[in-house]
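The values are calculated or read from the model by the stated rules, or taken from the named source; none is laboratory data. Remember, predicted model here, so these are calculated numbers, not experimental data. Note that we place each Cβ from the backbone using ideal geometry, even for glycine, and neighbour counts take in every protein chain shown. These area figures cover heavy atoms from the full protein model, side chains too; ligands, DNA and RNA do not enter into them. Shrake-Rupley method; radii C 1.70, N 1.55, O 1.52, S 1.80 Å.
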Amino acid sequence: MDRADDRVFYRNLKKSYPIVDRGEGVYIYDTQGKQYLDGSGGAAVVGIGHGVQEITEAMLRQARRISFSHGSQFTSQAAIDLASKLSKFSPDGLTRVYYLSGGSEAVETAVKLARQYHVERGKPEKYKVISRWTSYHGNTLGALALSGHTGRRRYYLPLLQHTPHIVPAYCYRCPFGITPENCSVECALDLEKTILYEGPESVSAFVAEPIVGATAGVLVPRNGYFQKIREICDRYDVLFISDEVMTGMGRTGKNFGIDHWNVTPDLIAVGKGLSSGYTPIYTLIVKEDIYQTIKEGSGSFVHGHTYGQNPLSCAVASAVMDYVQKHDLVTRSARMGEVLLQALQSLTRFDFVGDIRGKGLFAGIEFVKDRKTKEPFDPRLKMNGSIAGRAFGKGLITYPGGGGADGIRGDHLLLAPPLIITEEQITRLVSILDQTFAEISREI
Ligand SMILES: Cc1ncc(COP(=O)(O)O)c(C=O)c1O
């Protein structure tokens, strides 16, 4: 293939990307025939594995009938079926499904819906949305304003609306310097303080990833954190938006990440694993009460995107959900997640491995310059990128990230392999990481 005339505007303009050819199970192949173990499912997207025939057949069946109809003119059986499956899959009370095509879109839709809900119930002064530092909710301006990642925000800061952020639930780097024995989930109480400072009458919603993904490599909050968050939201009439774009659809070993704590959010944004990468589709799953408020009020949510609710994407996601359930992949994620976490422990033999954490097949490795002080590497070293680059060269795909420690410093790798991964494949994954870390450790 001639690459001299390649006009694609890539993410990294200085990098040369291999050309992808095909995918099969947990593997991706490039056009040179090189095999890669997809250790991160792209960016925590691929759940059921690549190249599943049942999905392409469902895609074809729907495409033969109709691929696109506009949401303002038609519904489709595919949209109706998927909404029904999703509402059964969701925590009790979350019954309505709004269709979208991207994660940033889903988060911003949640923010707009929360706002309209408050207006329709006679509380037009409620508009502020509180989020957390060390979080990621998307790259569009509204979602980026909520995201708490300095590195991703700083170029665009003048364009971002100023919104309040609270501290993250980051036990390895506790923002209060508290040890687990003395912890009273102070990081959750920070929400209450912030609501009070901002004025509860002005606060519309709180948004959080139940388990932080991209910005810090799997931050699992301690038990009690989200129960406290729910209590505080209820006390001040603030909606709780669970951003499950990465953690939904079984990724963490439960249907949704928030299910680990039996907490019911008001709105759930979900995507990625919803279609396992077979098509771009995201949804916002909505509590019945919010839906009814709008229905009995103005009767319409003043919102909508062209490709939301397109029958083709709905049919594909529906087939993916069937596959997840038929193969019990949520339970499998919990079980294989334990195998992965256990296997990763061997990597603590490298001094620069600071922390290894995970829930289901969602795991993170944080790197530090000094294990005792937890001092991060100089970000100019681009440790996370060079570790991931080296693993990629050896045929293992991981999802690197930085800035977890303070927005700029901090390095981690995110692992989120397809939920179908086997024990042997996990052993291979860890062995490639081991070889990679051994090389890095010789160099630092
Ligand atoms: C938790 C979370 N929310 C939102 C997004 C944004 O999704 P998208 O890239 O589809 O806009 C992401 C993307 O990784 C995410 O991890």
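Overview of values
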item: Matching residues, region 399-444, being open to solvent by 10 Å² or more (accessible area, probe 1.4 Å) and within 15 Å of the chain's Cα centre (by Cα); result: Y399, P400
item: Number of the exception - A391 against (1) among the hydrophobic types (A, V, I, L, M, F, W, C); (2) under 22 Å from the mean Cα position of the chain (by Cα); (3) buried (at least 16 other Cβ atoms within 10 Å of the Cβ); result: (2)
item: Residues satisfying the stated conditions in region 241-265, i.e. open to solvent by 10 Å² or more (accessible area, probe 1.4 Å), more than 10 Å from the ligand (Cβ to nearest atom) and under 15 Å from A106 (Cβ atoms); result: M249
item: Out of E439, E424, sole residue that is among the charged types (D, E, K, R), touching a helix residue (DSSP H, G or I) at 6+ places or on another chain (Cβ under 7 Å) and not in a loop (DSSP other than H, G, I, E, B); result: E439
item: Y156 within 16 Å of the ligand (Cβ to nearest atom), open to solvent by 40 Å² or more (accessible area, probe 1.4 Å) and closer than 30 Å to E375 by Cα; result: yes
item: Neighbours by Cβ (under 6 Å, 6+ apart or cross-chain): first from region 185-214, touching a residue at least 60 places away in the same chain (Cβ under 8 Å); second among the acidic types (D, E) and more than 15 Å from the ligand (Cβ to nearest atom); result: E201/E125; S202/E125
item: Output for region 226-235, where each listed residue is open to solvent by 10 Å² or more (accessible area, probe 1.4 Å) and either within 15 Å of the ligand (Cβ to nearest atom) or out of contact with any Leu (no Cβ under 8 Å at 6 or more places or on another chain) (or both); result: Q227, R230, E231, D234, R235
item: Residues within region 159-178 that are away from the ligand (no atom under 16 Å from the Cβ) and either farther than 23 Å from E366 by Cβ or under 18 Å from the mean Cα position of the chain (by Cα) (or both), tallied; result: 4
